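Student: After the C-alpha cells below, expect a handful of questions from me.
The values are calculated or read from the model by the stated rules, or taken from the named source; none is laboratory data. Bear in mind the structure is a predicted one, so any value in this text is a computation, not a measurement. Ideal geometry is used to build each Cβ from the backbone, glycine not excepted, and the neighbour counts take in all protein chains shown.
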Amino acid sequence: MDAISVAKTLHPLEVRILLAYEPGSEIDGEILRSQLHFREGQENQTFSWLLAKGLIEEQGRTQSLFFELTALGREYADKGIPERRIFNFISKKGAARLPELAQELGLDQKTVGSAFGILSKEGALGMNEEKKASLLPGAVFPERMEKLGALIARALAADGILEEACLDAESLELVKSVAKKRGAQDAPFRVAERERVVYRLSQATAEQRQILKSLGVTGEELGALTPAMLESGAWKKGSFRPYNIGVTPARTIPGRKNPYVEFLESVKDKLVSLGFEEFDGNMVETEFWNSDALFMPQFHSARDIHDVYSIEKPSMAKFIEEPHLSKVAAAHENGGDTGSRGWNYHFDRDFTRRLILRSQGTVLSARQLPTAKVPGKYFGIVRCFRYDKVDATHLSDFYQTEGIVLGEDVNLRTLLGFLEMFAVEVAGAKEVKYVPGYFPFTEPSVEVHIKHPVLGWFELGGSGIFRPEVTKSLGIDVPVLAWGLGIDRMALMALGLNDLRELFSPDLESVRLRRALQ
Amino acid sequence: MPKIEVNESLFFKLLGKKMDAASLEAILPNAKAELDAWDDSSTDIDERTIKIELNDTNRPDLWSTAGLARQLRVRETGEVPSYPFFVPLGESRKTTYTVIVDESVRKVRPYLAGFVARGPAISDAMLKDFIQTQEKLTWNYGRKRRSVSIGLYRPSIIAWPVHFRGADPDKESFVPLQETRNMTLRQILAEHPKGKEYGFILQDEAVHPLLLDDKDRVLSYPPIINSADLGAVLVGDQDLFIEVTGTEYPSVSLTASILACDLADMGFNIENVEVQYPYDTPFGRRVVFPGYFQPEMSAGIEETKKLLGMDMSTEEARQAAQRMGSRTRIEGDRIVIKPAEYRNDFLHPVDLIEDILMGMGMDKFPPEKPHDFTIGRLSPMEELSRKAKLSFVGMGYQEMIYNYLGGRREYIDKMGIEPGSVVKISNPMSESFEYLRNSPLPGLLGTESVSSKAPYPHRIFEIGKVALFDEAENYGIATRQYAGFLSSHAQADYNETASHAATLLFYLGKEYAVREAQDCRFIPGRQAELLLAGKRVGIFGEIHPAVLEAFGITMPCAGGEIDLDLLLN
C-alpha cells in the first residue's frame, strides 16, 4: 500500500499520535493517557495498529510492581483499618474482650486477633487481668498504622492503584507487608506486575505527518452518523472519517427460499409460459388410478406387492367412480369399446380399490382426463413414492414432472415438437435426439435424449400418445400426448450437488449456504 | 426392463455381419434397445459379451441373442424369415411326440406347450444364452415363473408319451437337479434352493404339477426344478425336448414359439409335439406346437397418417410394417398383418401403427411445432403457497424441504402423538420409511436436532403435503397442503410465533381468531388454535420441552402449522 492509502486508513487515535509527536519521539501508554487523554485500553490497540503499519517500533520494556486496592482495602478506606477502629473503640468505651470487639465492630475474630497483636507489639494495647484488651498507660495510636491508613486513602484517590515507583522505601515496605499476590481477598492490597513498553515513532511517520497535514486530517473527524448529529446539524461542522472498505463484512442470515424448491418453481413457471395449466392430487391413490386406468394389466410384473407401497388402514377405497370403473374393466378384459382386444383376463374389481401411495405422476394425468378441456395442456410436479432402497440415485419419495396435451393437433410429429420445446426451453439443450421408447400406457412412445451444456447426453424424458384403451375408457376421443421429464439431474447440477438425498437435506447450515440458481 | 448379455461372435453370426460400437448403437433403437457395456479386447474373442438393455416389456422375443439379432436383421433387409414348422391353431398334424395332460393339473397349472429341436451339438455359448433366455422369459414375461416356466430335456432318453399330471406333494418324490438324494415335493419346496425361491407359487395348492415319462420317471416338477436323471442338458447334446407350462395359454404358447424360432435361427430342426387335454383350453383339446395362434391386425392408412402426423402411401406403410417381422398385405386402404410367429403384442391398431413408425425410422419424422393455443396457469394452491412463502421469507425464515416418508420414531414417538393418527404403510421397505407424515413439524424439528452448530436465530419453514385421516373422503385419507414454521433461539417464545402467524394471515388477507388449544406437542397455556370463521385452520405455540428433549434439542423452539387448503376454500 502506498503512503497515501495508508494515511487514509488511519484511525483517529493513530492520527492524533502522529500529529502530536515528532519522528523519533518515545511514547508509552502512560504518556498517551496523560497527554492525549487516551482511555485505558485504547493505547494498546493503537500501538498494535501502528506497529502493523511500521509507523512505530518497540524501544524497550520495563517491569514494575503496582498495588491495587482489594474489596477489603476499599472497606478499610471507608471504615478505617481494623487497628484504628479497635483503638478508637477501646479509647471511647474502655477495655473489652476480643470476641466482644469482633461483634461490636463487625470484624471477624481472626482480624481482631491479628490487629490486637500489632497494637500490643507497638505498645498501644495490652491484655488486663480480666482478659480484656485495654489501653496501656500513655498510649497513642502507632505512627506506622497511621501511615498505612494514609496509603489506603491515597490509593483510593488514585483509582485504587499505587505504583511501586511512586512510593518511598518506608511506604513500600509498609504496603508490601499487607499486600498479597494470590488469595488477596483477605488483604487490603493485591500485588501485580506491570510491563511498560516504550515505542519510538519511526522515520516513516514524517511522511505520514506530511500527508495528514496536506489532507487536513486532524483525527477529530466524525465517526458514526448519529440522529443527534442530524438533529443538531453538527455534521455540517466536520468531515467524516473514511472507512476501510477492504474489511470482510459481517455475515447476514437472510430469509430465503429453498434452492431446490426454487428450481422446481422455475420449471413450473417455464411450463406455464408454454401454455400448461398446473394440476395436483392425492398422495394416497387407488390401484385403479395408479395403474388400471393406465391400461397396465393387473398381472403386470411392475405391479407386484413389492413395487408399490400399500396403506395399512384403510386398505381400500370405498368405491371407484363410474362409469370409469366399468369402462376400464372392459378395456382390460376384452377392449370394451376402445377398438382393442384387451388383455384377456378377469379384471379384479376388489384389487382395483386397494389404496397405495402414488408411484407415478401419470396418475394425475389419468385423473385429469375426464374433466380436461380440449384443446388442453396440463402439468404437475408432484411427489411420488417408490419401493427403492434409498441411496445417492434413489429416493423413496421424490418429485416427478408429468403432463398431458389434448387436441386434434396431437400426433407423433407434434409430440416431437413438444419434446424439442421442453429440451430447449426447460433444459437449455443444444442438441436433441429421439428414440423409440416403451411405456405400457402409450403407443407410440418416444424417449428424448439431450446434450446438456454441462451434463452431456442424457435422457431428459419419455413421452407418447396415450393408448386409446386409456383415453376412450375415460371419455376422451381426441389423441392425448403424455409426457414426463426427469429434471432431478438438472436440479443437482444447478445446486452443485451429486446426491439426490441432499435435495431434501435437513441440515440448516448446508441449506443456508447453498447457492440459488446461477 | 430386462438386460441381457449376448455372446459377441454368436450375435454377429446371427446378425450376418460384424459391427463396431457406434454403428451398433445407431441401430439398437430399432429394437428399443440400448448398448449398456461391451467387453474389451482383453477378453477372449469367444467369451466376449455385449450387455444390452431392452425397454419393451411387451416384446419378450427380443430378450435373446437370436431374437435381437433377428429384429435388427429383418429391419435392415426387409426379409421376413420363414418358420415352416409352425402349425396354425386348429390344424392337426401327425407328430412323433405327444404329451398327455391329466385332469388333475387343471386347477394348478393347466397349460403346456412343447417341441423337439434337433441340430448341431450345443456349444457353451448357446447353452449359456439359452439359460439366460429361459431366465428372462420366465422371470419378466412369466412373472417369476408364475404364469410361464420352461424345462429342457434330452428326448432320446425319455419314454414317450410324456404325461403331465397332478401329484400329492407329500407322497411323490424324485432326485432334483443339484441334489443326489430322493426328495418329496414338499421337501424340495422346503430345502432345495429353487424350491425356496419359487415355492410361493405352489405353497397353497393341494395338488402339485409333475411331468413324467411313460415309465413314470419324473422329468420335472414345474415350475420348480427338473429331475437330475432326465432333466439335465449338457454342452454337446444334439437333441432337445423343450416344454413350457403355465397358467395363461397365449403366454405359454408364445414362449414356446420364441424358443423354437431362436433354435431354428441357430440351425436346429424343429419337430412338433402334440399336447392332448381331457378338458377345453383356449386352443382346443388337441394342440400342436409350435403353433401359430395370433390373430391378424390391421390399420387404416388415414388413421396411420393422422396418428403419425405424416403423409405416406399405403404401400410405404405396408413395407415399413414388414420390416418389423410381420407378414403384410394391403386390403383397400388398410394395411393388414399376420404378426410374426414370435410376437403377440398387437392389441390395438395403434400397435401396428407404431410398427410402421419403427419400420420407417424415427428420423423420417421431423418435429412439428404444435398449433393449439392454450392458457397456462399455476394452480390456485401454488399461487397461495407462493404468497405465504413470500411472507415467511420476508420475516427472515429459511425455506426447507423434507421427505414425506419417515419412521415411527420421528413422526410419532418423539412428537408424543397417537400412533393411529399417522398413515401407515403395510409393506414398508424399512422402518425409516414406514409412515406418511401428518405434519411438517417433525421435519422442522429434525432440522433443529442436527443444526445446533448453525448460527442462531434459526427461523425455518416448509410448505408441503401431509396426509390426514378423513372419514368423509372416499379413500378415508386426505392430502392437504400445510405451511409449517419454527423459530429456534434463546428467546423464541409464544409472542414471537404469534406475531409471525398474525403477520402471515394479515398479508394473506385472512381475519382470524384464536382459541386456547390442548395439543401435547406444545406447552399447555402457551398454544393457540387459529380459527377462520370459527373453523380450526392451524395451531401455533411454544414447542413442549418433552418434544425438544426427544429430538435432542437444547434451544427453545416456537412455531406452528397451518392448513393452506382450508385457507384457500
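Student: Given the criteria of a type outside the set (F, W, Y), farther than 30 Å from B:G509 by Cβ, facing chain A (nearest Cβ under 9 Å) and assigned to a helix (DSSP H, G or I), does B:E410 qualify?
Tutor: The answer is no for B:E410.
Student: Let me spell it out: the conditions are (1) more than 12 Å from every other protein chain (Cβ to nearest Cβ); (2) under 21 Å from A:D397 (Cβ atoms); (3) touching an Asp or Glu at 6+ places or on another chain (Cβ under 8 Å); (4) buried (at least 21 other Cβ atoms within 10 Å of the Cβ), and A:I487 meets all of them except one. Which number is the exception?
Tutor: (3) is the only condition that A:I487 fails.
Student: Is it fair to say B:I150 is without any contact (Cβ under 8 Å) to a residue 40 or more places away in the chain and either surrounded by fewer than 17 Cβ atoms within 10 Å (Cβ to Cβ) or not assigned by TED's automatic domain parsing to the domain that holds B:N344 (or both)?
Tutor: no
Student: Checking B:L347 against (1) within 11 Å of chain A (Cβ to nearest Cβ); (2) surrounded by fewer than 21 Cβ atoms within 10 Å (Cβ to Cβ), which single condition isn't satisfied?
Tutor: Only one criterion in (1) within 11 Å of chain A (Cβ to nearest Cβ); (2) surrounded by fewer than 21 Cβ atoms within 10 Å (Cβ to Cβ) is unmet by B:L347, namely (2).
Student: Any residue in the range B:8-15 that is part of a loop (DSSP other than H, G, I, E, B) and over 28 Å from B:R146 (Cα atoms)?
Tutor: No: zero hits.
Student: Whether any residue in the range A:427-435 is assigned to a strand (DSSP E or B) and hydroxyl-bearing (S, T, Y) is what I want to check.
Tutor: yes
Student: May I pose another question? Kindly indicate the residue of the range A:494-518 that is in contact (Cβ under 8 Å) with a residue 24 or more places away in the chain, surrounded by fewer than 16 Cβ atoms within 10 Å (Cβ to Cβ) and aliphatic (A, V, I, L, M) and also farthest from the other protein chains (Cβ to nearest Cβ) among those meeting that condition.
Tutor: A:L517
Student: Now for a separate question. Would you say A:R413 is assigned to a strand (DSSP E or B), facing chain B (nearest Cβ under 7 Å) and charged (D, E, K, R)?
Tutor: No.
Student: Of B:V450, B:V423, B:V393, which residue is facing chain A (nearest Cβ under 7 Å), of a type in the set (A, V, I, L, M) and touching a Lys or Arg at 6+ places or on another chain (Cβ under 7 Å)?
Tutor: It is B:V393.
Student: Determine whether the range A:127-135 contains at least one residue that is outside any helix (DSSP H, G or I) and polar (S, T, N, Q).
Tutor: yes
Student: Got at least one residue in the range A:478-489 being within 23 Å of A:M421 (Cβ to Cβ), in a helix (DSSP H, G or I) and without any contact (Cβ under 8 Å) to a residue 40 or more places away in the chain?
Tutor: Checking the range A:478-489: at least one residue is within 23 Å of A:M421 (Cβ to Cβ), in a helix (DSSP H, G or I) and without any contact (Cβ under 8 Å) to a residue 40 or more places away in the chain.
Student: Which one of these is closer than 27 Å to A:L395 by Cβ, more than 7 Å from chain A (Cβ to nearest Cβ), touching a residue at least 12 places away in the same chain (Cβ under 8 Å) and of a type outside the set (S, T, N, Q): B:E434, B:E399?
Tutor: B:E434
Student: Next up: Give me the residue from the range A:316-340 that is facing chain B (nearest Cβ under 7 Å) and surrounded by fewer than 17 Cβ atoms within 10 Å (Cβ to Cβ) and, out of that set, farthest from the chain's Cα centre (by Cα).
Tutor: Per the stated criteria, the residue is A:G339.
Student: A further question follows. Being more than 11 Å from A:S359 (Cβ to Cβ), within 9 Å of chain B (Cβ to nearest Cβ) and assigned to a helix (DSSP H, G or I) is the filter here; which residues of the range A:282-315 pass it?
Tutor: A:S301
Student: While we're here: Among (1) surrounded by 22 or more Cβ atoms within 10 Å (Cβ to Cβ); (2) more than 8 Å from chain B (Cβ to nearest Cβ); (3) under 30 Å from A:T252 (Cα atoms), which single condition is A:A423 missing?
Tutor: (3)
Student: Quickly run through the range B:357-374 and pick out the residues that are part of a helix (DSSP H, G or I), at the interface with chain A (Cβ under 9 Å from one of its Cβ atoms) and either in contact (Cβ under 8 Å) with a residue 60 or more places away in the chain or buried (at least 23 other Cβ atoms within 10 Å of the Cβ) (or both).
Tutor: B:L357, B:M358, B:M362
Student: In the range B:190-229, what count of residues is obtained for those that are surrounded by 13 or more Cβ atoms within 10 Å (Cβ to Cβ), over 21 Å from B:V105 (Cα atoms) and in contact (Cβ under 8 Å) with a residue 12 or more places away in the chain?
Tutor: Going through the range B:190-229 one residue at a time, the tally reaches 3.
Student: Which of the residues spanning the range A:375-394 are at the interface with chain B (Cβ under 8 Å from one of its Cβ atoms), assigned to a strand (DSSP E or B) and either more than 35 Å from the chain's Cα centre (by Cα) or of a type in the set (G, A, S) (or both)?
Tutor: Hits for the range A:375-394 are A:G376, A:K377.
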